[in-house]
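What follows is a single structure, written as structure tokens, with notes after it.
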Amino acid sequence: MTLTPEMARAGVTPQMLSATHRFTCPKCGKEFSLFQSRAIACRACPRANQNCKFVRCVHCDFEFPLNGFVVNTKEKEAFLSNYMNGIVNKYHKSFGYYKR
């Protein structure tokens, strides 16, 4: 998916577009985004915000490797991971799920 001018005007960033990449679980066949996985299924995992190479299904809790993800360098991977970590932490603080 490419970032359209309308999406940019609405505040969508290239990083947000990358983080909302959809995955299909190989076990149950249901779709979910990387944001959903990190915020819901991976929230108790200490590796969730450390460039983890896996994604966990929010429906059946099956974990599988990230293959063919949309970033292609370590720098972009680290930037995206930090970006997502900030969004997920802000979400958890807002809704009472944040723990230190």
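Surface calculation, 1.4 Å probe, protein heavy atoms: Lys30 sits at approximately 110 Å² accessible. Taking 0.36 nm per residue of sequence separation and removing the Cα-Cα distance, the Arg22/Phe79 pair yields an extension gain of 18.6 nm. Close amide H contacts of Phe54 (hydrogens built in the peptide plane, cut-off under 5 Å, sequence separation of 5 or more or a different chain): Leu66.
Sorting Ile87, Ile40 by solvent-accessible area of protein heavy atoms yields Ile40, Ile87, largest first, with a 1.4 Å probe.
The values are calculated or read from the model by the stated rules, or taken from the named source; none is laboratory data. Small disclaimer: the values here were computed from a predicted structure and weren't measured. For accessibility, only protein heavy atoms count, side chains too; no ligands or nucleic acids. Shrake-Rupley method; radii C 1.70, N 1.55, O 1.52, S 1.80 Å.
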